[in-house]
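Novice: Dropping the structure in here first, questions after.
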Amino acid sequence: MTAASAVAPYVRANTGPDASRWRTFDGPVVLAVARTFTSATKVVESLATFRGDPRVLVVFAFDDTSAFNAGTQDLLSDLNACVVPWEHRLDVDPALVVTATENTDLAEFSCPVVVLPHGIGFQKYVPDHRTDDVRLSGVPRPEFQGFPNVRLVLSHPAQREQLREAGVPMAEWAEVVGDLTRDRIAGSDRMRAEYRSHLQVGEDQRLVVVTSTWGGTGLIGTRPRLPHALVGALPRDGYRVATILHPNVWFAHSPWQVEHMLADAQDAGLLLIPPEAGWGASLVAADCVIGDHGSVTLYGAMMDRPVLLAAMGEDSVPGTAAAELARRASWLGKQGLRSQVEQAISAHRPGQYAEVADLAFAHPGLGGHRLADLFYGLLGLRVDNPGAADLLLPDPSPTRSNRVPTAFEVHSASESADEVRIERFPAAPREHPDPGPGVFRHLSAYEDERRNPLVTSASVVCRSSRRGAECGVAKETWTRRALEQYQGVYAVAASVHEGALVALVDGRSYLVRGVPEGNLPLAAAVVYTLVRAHGEPARVCKADVAGQQPWECRIEALHTG
């Protein structure tokens with residue numbers, strides 16, 4: 001069923017002079033106007049103010065004239081809401097129009113119109129789709145700026161002054177409400193552990209969130225390989241990396257293109273947060289935010305997360321909260337990514353960006369209440385459920401991917417035969433730090449790794465990640481065959497019921513017990529390192545893996561070569 005056919009059955013009961021004949025509920029109609037994916041999600045969020053109220057009827061209309069309209073119709077269809085054709089938008093006789101796009105045609109609406117921000121204030125210049133000029137993002141078109149029925153919603157009084165300086169008449173009757181999105185994210189901080197678990201971020205791991213606005217001056221436009229580089233520079237066992245891209249990136253280029261561009265990084269474990277949900281929860285789960293002049297970076301600063309800036313385009317508006325964040329936050333250079341991230345986390349002071357947040361968000365915690373007062377006041381109704389929108393937490397992320405890496409570059413060292421230090425980096429991006437002197441470096445891959453060269457050039461090959469533990473006899477058969485098949489390999493490893501079987505090319509083999517979750521690359525790395533450093537491992541060894549609690553493994557020699 002197409003999106004158009006899915007919504008068609010609702011139209012007759014909501015348009016035309018006899019529409020009331022078909023209704024069970026009666027009341028004023030709120031027309032929610034969507035034009036882009038971003039504006040549609042913002043409108044849907046704001047409609048939570050009417051949650052549970054049978055007195056208000058909501059109908060959607062879709063203005064498909066934007067270059068970023070892809071995905072919007074599907075989003076509305078998935079809501080199972082009534083979406084009337086754009087040419088019938090007046091036929092629903094709206095008592096209130098709510099939109100989060102400043103570019104739609106507002107001329108024909110005589111009822112009150114509320115224009116919500118789809119970001120934080122007016123902090124970015126964007127191209128005007130009708131001219132070759134640029135304009136302030138979020139400000140309605142000049143021909144509508146004098147309409148007294150159009151109310152612009154602001155998150156801070158400073159934005160009113162910004163509009164006055166820009167000569168925008170509606171600054172005088174704009175409404176300072178606060179920011180519902182800010183309140184929902186801040187209110188969900190108690191869910192941090194749950195969100196981290198949903199993203200499969202371990203208790204001892206750090207989550208680095210990379211966020212980018214759209215356009216050539218944003219982070220992903222100026223440094224498109226930064227997600228790859230971070231995944232390669234941060235130890236897999238100690239870090240996870242997630243990427244949040246503005247919906248306009250997704251729907252200007254297509255979701256396929258975005259995922260295709262980041263495919264290698266996803267294979268290495270990058271968490272790609274989809275445009276429809278999850279970015280707010282990811283900020284709650286984050287330990288560090290790397291961003292640009294987009295709104296998500298400001299929300300990260302509001303959440304008191306360490307912030308590093310990787311881009312700040314000329315389209316950023318001076319004097320805004322984003323500009324103030326650029327003045328206060330540290331910048332991420334191109335070299336030594338890991339040390340910069342670690343420094344940002346260790347040097348962060350609680351409340352470091354409180355003044356930045358104070359410039360962006362007024363009335364913290366009251367955004368939903370104040371928005372409800374505005375909506376219901378324009379409808380002439382008493383608020384039925386104060387703060388209904390504030391009750392809803394951001395959805396956990398339905399990540400586009402959460403792939404487990406199947407090839408690693410392993411850095412290891414050992415000063416005695418009963419201890420070893422290990423760091424692992426996903427091999428796919430091939431952008432890894434120099435381990436320095438006295439450190440062994442080897443490539444370890446599962447045999448079902450999709451990139452053939454990573455397996456055929458590996459020093460350690462592990463039995464397929466899809467296979468569980470089998471009996472020792474079966475595994476010994478596989479290890480002999482693998483040592484013959486993979487030319488140049490130094491060791492192979494397979495799971496057995498007792499632990500991990502590691503066989504060397506010189507005929508020696510070892511049973512390693514106590515490796516967390518039967519992790520074959522770690523078991524092989526322990527044996528590889530101790531044999532390279534000391535010729536033979538001790539029977540009991542302490543392993544210190546970056547990002548994990550140290551653990552003890554027992555090593556039993558099975559064959560001596």
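Novice: Principal axis extents for the chain, Cα atoms only, whole Å, descending order, please.
Specialist: Extents along the principal axes, in whole Å: 90, 51, 43.
Novice: Next up: Considering every pair of different Cα atoms, what Kirkwood radius, in Å, is found for region 209-256?
Specialist: 11.5
Novice: Residue by residue, what Karplus-based ³J(HN,Hα) values in Hz, rounded to whole numbers, does region 155-168 have, using 6.51, -1.76 and 1.60 with θ = phi - 60° and x for Gly and Pro?
Specialist: Running phi through 6.51 cos²θ - 1.76 cosθ + 1.60 with θ = phi - 60° gives 9, 7, x, 4, 5, 5, 5, 4, 5, 4, 5, 7, x, 9 Hz.
Novice: Relative contact order of the chain: what whole-number percent is it, with Cα pairs under 8 angstrom and at least 6 residues apart?
Specialist: Once normalised by length, the contact order is 13 percent.
Novice: Antiparallel DSSP bridges in region 62-213: what percent, to the nearest 5?
Specialist: In region 62-213, approximately 25 percent of DSSP beta bridges are antiparallel ones.
Novice: Given the whole protein assembly as supplied and a 1.4 Å probe, what does the accessible area of Lys542 come to in Å², nearest 10?
Specialist: 120
Novice: What shape does region 296-361 take by its C-alpha gyration tensor, where a ≥ b ≥ c are the square roots of the eigenvalues and a/c under 1.5 counts as rounded, a/b above b/c as prolate, and the rest as oblate?
Specialist: Oblate is the answer for region 296-361, as a/c is 1.5 or above yet b/c matches or exceeds a/b.
Novice: Residue-wise, which Karplus ³J(HN,Hα) couplings in Hz belong to region 263-279, taking 6.51 cos²θ - 1.76 cosθ + 1.60, θ = phi - 60°, and x for glycine or proline?
Specialist: Once θ is set to phi - 60°, the couplings for region 263-279 become 4, 5, 5, 5, 4, 8, x, 4, 8, 9, 7, x, x, 7, 6, x, 5 Hz.
Novice: Tell me whether region 174-222 comes out rounded, prolate or oblate; compute the Cα gyration tensor, take square roots of the eigenvalues as a ≥ b ≥ c, and use a/c under 1.5 as the rounded threshold.
Specialist: Here region 174-222 falls in the oblate category.
Novice: Taking the radius of gyration and the Kirkwood hydrodynamic radius from Cα positions alone, what is the Rg/Rh ratio for region 154-292, to two decimal places?
Specialist: Using Cα coordinates only, the ratio equals 1.06.
The values are calculated or read from the model by the stated rules, or taken from the named source; none is laboratory data. Since the model is a prediction, treat every value here as computed from it, not as a measurement. The protein model used for the area step is the full one, side chains on, heavy atoms only, and it has no ligands, DNA or RNA in it. Shrake-Rupley method; radii C 1.70, N 1.55, O 1.52, S 1.80 Å.
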